[in-house]
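Below: one structure, written as structure tokens.
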Amino acid sequence: MAGGLTNGVGPAISASAETPANGSGKQVFTTGEAARLCNLSQQTIIRCFDSGRLRGYRVPGSRTRRIPRGELIRFMRSHHMPLDALGESETTVLLVENEIETVQQIRRVAEAVGGYSLHVASNAYEAGVLTAKLEPQVLIVNTRLPDLDVLAACRAVRISNGEPGTTVILLANKFRTEEMQEFEAIGIRHFMRKPLEEVKFGDLLMSAVNV
């Protein structure tokens, strides 16, 4: 299993008739349910929870652990586990960027994390065509692209504010305070300075999608 996870003590727990394997409708999972979805033993899930590798909370007044859906998706993606049992398909990402090095960096991150389908536009025309065609769940934009009105482009998509929509991540060597305030006013919360730190960007990508 990727990421150094093993089944721990005893074999991995498999789905049974008592607990459906498909978690598409659930928002919070027990450690037993998470174990079935990850094809790991429950003890392995508990160890990951207790060490902080899998985040969640305890039910007040008990030692019972609960794992939110977004955190389980983040955990499964980080260990290259299939999300089919959660009813999740690949997340469509549109990158609007004309710098080859940045495109290559983000492609490496998306491939390493897994679960993302990355599409690239290098100018405003391509960005418009692909946005209409793909309806991306994540839009990553170089704010310094010469022919692109980034604010207008962002206004054209339904930005996610804790509900289904497009998560926007903006890239620049430096952001001006007034500029960030303009973007924040339309619901954008994710900014990343270039050159990118790939590990940091991977964390942002996963957290941005799973809020």
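Computed from the coordinates by the stated procedures, all read-outs in this text should not be read as laboratory data. For clarity, every value in this text was computed on a predicted model and none was experimentally measured. Here Cβ is always computed from backbone atoms with ideal geometry, including for glycine, and neighbour counts include all displayed protein chains.
Observations, loosely collected:
- Residue check for Glu126: out of contact with any strand residue (DSSP E or B) (no Cβ under 9 Å at 6 or more places or on another chain) and either of a type in the set (D, E, K, R) or not in a loop (DSSP other than H, G, I, E, B) (or both): no
- Test: residue in the stretch 77-96 that is assigned to a loop (DSSP other than H, G, I, E, B) and more than 21 Å from Gln27 (Cα to Cα): no
- Flag if Thr167 is surrounded by 15 or more Cβ atoms within 10 Å (Cβ to Cβ), touching a helix residue (DSSP H, G or I) at 6+ places or on another chain (Cβ under 7 Å), within 19 Å of Glu90 (Cα to Cα) and not aliphatic (A, V, I, L, M): yes
- All conditions in (1) closer than 16 Å to Val157 by Cα; (2) out of contact with any Pro (no Cβ under 9 Å at 6 or more places or on another chain) hold for Thr92, with the sole exception of (2).
- Figure legend. Inter-residue proximity from the stretch 107-118: first residues farther than 14 Å from Lys200 by Cα, second residues surrounded by 19 or more Cβ atoms within 10 Å (Cβ to Cβ) and among the hydroxyl-bearing types (Ser, Thr, Tyr), beta-carbon distance below 8 Å, spacing 6+ or different chains. Indicated pairs: Gly115/Thr91; Tyr116/Thr91; Ser117/Thr91.
- The residues in the stretch 106-137 that are under 23 Å from Met76 (Cβ atoms) and polar (S, T, N, Q) can be counted, and the count is 2.
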